[in-house]
Amino acid sequence: MKMHENELLMIQPNDNVAVALKALSKGSECSVGGKNIILKDDIPAAHKVALTEIGKDENVIKYGLPIGHAISPIHMGEHVHIHNMTTNLEGLLEYQYHPEPDLWKNFIPQEEAYFDGYLREDGRAGTRNEIWIVPTVGCVNQTAKILAERAAKKYAGRVDGVQALIHNAGCSQLGDDMLMTQKLLKGLINNPNAGAVLVVSLGCENNCLEYFKPVLGDVNPARVKFLVTQDHKDEYEEGMKLLDELAEYAGVPVWNGLTNEYHPTQMLADLLTIEEQFGHLEGIRLTYMGDARYNMGNSLMIACSKMGMHFTACAPKEYFPNKELVALCEEYAKTSGGSITLTEDVKEGTKDADVLYTDVWVSMGEPDEVWKERIEALSPYQINKAAMDNAKDTAVFMHCLPAFHDLKTKIGKEIYEKYGLTEMEVTDEVFEKYADVVFREAENRMHTIKAVMYVTLPR
């Protein structure tokens, strides 16, 4: 019998029902919540199946809460629906509203209330930072859409998006009807989710700029710009010029704090720590041990090659950085005076090193199945006393944290229970000896991030 995995969703650990992510047939065996369930009924997609025996009048638990109770015994693997469960609600419910105006004031002190957003010059805040293209009339909808498509590609990463807010009004409207359209457009233009706005007019519509601007009122000319398409031979060229100015105004810096491929903010902290330790960067020999294919191995190789340092990736061949990136870093090293070395030999890789560096063997988001493979492949590349003794007498150990060197963490305990390991990428002996360097490295993350924010945010 085939085992069906990831086809039942258990929302909370204490739920006694799961949801079928697709239609499942009677007799199928499914795995969910550490249990194997043989289905006693056909289960339609999005319907519930019992994970345990549920007695008559017992609660059916979903989302960690009772959603009703069984009207008859329900066996594990059976379909749970209106034929065997009902609501816990009884009788006639009468609703009355009794407002408590001071409730929220006492819930959280006003001075502590905040959210991540974009503070605008009028004191309001948005949750998005987009460029909006707002037509005054439906006749220029297509122009607005084409400009938005071009701008979205050009300014990707600088703003959260570029939107054309098209409509079919503004042409032959009169009186209160046109005034309502103008007020709606004014509300859009002043919305705090718009970091900048391009207002696009045809030029001959009833809602032309001559009549729309008095309703709109004063706006920041750096944030809101106007395009009359009939006034320009190439309205798209002129529109992109205006959008360039708006993108410059609305754009905010995007910092790569961490991706699967690169970790540039960690590099700033690492380079600062190394310079603090040795007084210089040029000529320093840094050996990275472990899985050198991802963000830390890649970024250390780039940083070292640009700073005139000698970088060594000490790992199994299949865990080396990709060839294209190695070639690029070798070119950097030619200019800086650094070098790039890839080796599977621990003695060769650690000999005369100034810095031995490692990271956890399994990255964030990777499945649990890779732990066994990584442990088997990378165990010879653990940083231990022998590795440190083979480096220079003045060598230090560095780690971007968290480190699995003891059983004081949740994951550390799990690894011990599964694989019997009390330490992994670094021994506890080495970690504790160089803890002052590692924790100074972690503190430097905070300082270097502050520095990046200071030099990139507008002042």
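The values are calculated or read from the model by the stated rules, or taken from the named source; none is laboratory data. The structure presented is a predicted model; accordingly, all values stated were derived computationally and were not measured. Here the Cβ is made from the backbone with ideal geometry for all residues, glycine too, and neighbour counts use every protein chain on show.
What the table shows:
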item: Selection within region 179-226 - under 17 Å from E130 (Cβ atoms), touching a strand residue (DSSP E or B) at 6+ places or on another chain (Cβ under 7 Å) and in a helix (DSSP H, G or I); result: L185, L188, I189
item: Any hit, region 309-327, residues being in a loop (DSSP other than H, G, I, E, B) and under 24 Å from H447 (Cα atoms); result: yes
item: Some residue of region 26-45 being within 30 Å of the chain's Cα centre (by Cα), free of Cβ contacts under 8 Å to residues at least 12 places away in the same chain, on the phi > 0 side of the Ramachandran plot and surrounded by fewer than 16 Cβ atoms within 10 Å (Cβ to Cβ); result: yes
item: Residue that is farthest from M424 (Cα to Cα), among those in region 346-389 that are in a helix (DSSP H, G or I) and of a type in the set (D, E, K, R); result: E348
item: Residues that are of a type in the set (D, E, K, R), closer than 22 Å to S201 by Cβ and touching a residue at least 40 places away in the same chain (Cβ under 8 Å), drawn from region 145-174; result: R150
item: Residue within region 118-139 that is under 15 Å from L243 (Cα atoms), in contact (Cβ under 8 Å) with a residue 40 or more places away in the chain and either part of a helix (DSSP H, G or I) or in contact with a Cys (Cβ under 8 Å, 6 or more places away or on another chain) (or both) present; result: no
item: Residue check, I302 surrounded by fewer than 24 Cβ atoms within 10 Å (Cβ to Cβ) and farther than 20 Å from Y419 by Cβ; result: yes
item: Restricting region 227-279 to residues that are among the small types (G, A, S) and assigned to a helix (DSSP H, G or I), the residue that is farthest from the chain's Cα centre (by Cα); result: G239
item: Elements of type strands (runs of 3 or more DSSP E) in region 1-97, at least 1 residues being in contact with a Gly (Cβ under 8 Å, 6 or more places away or on another chain); result: 17-20, 35-38, 48-50, 59-62, 65-70
item: Among the residues listed as E417, E432, E423, the single one being over 22 Å from R445 (Cα atoms), surrounded by fewer than 16 Cβ atoms within 10 Å (Cβ to Cβ), assigned by TED's automatic domain parsing to the domain that holds W371 and not β-branched (V, I, T); result: E417
item: Breaking point among (1) in contact with a Leu (Cβ under 9 Å, 6 or more places away or on another chain); (2) surrounded by fewer than 20 Cβ atoms within 10 Å (Cβ to Cβ); (3) within 23 Å of N129 (Cα to Cα); (4) not hydroxyl-bearing (S, T, Y), for L243; result: (2)
item: Output for region 185-201, where each listed residue is touching a residue at least 12 places away in the same chain (Cβ under 8 Å) and surrounded by fewer than 21 Cβ atoms within 10 Å (Cβ to Cβ); result: K186, L188, I189, N190, N191, P192, N193
item: Residue satisfying all of: in region 347-381; within 25 Å of G308 (Cβ to Cβ) and crowded, with 20+ Cβ neighbours inside 10 Å; nearest to the chain's Cα centre (by Cα) among these; result: D359
item: Conditions (1) aromatic (F, W, Y); (2) assigned to a helix (DSSP H, G or I); (3) at pLDDT below 95; number of the one not met by Y332; result: (3)
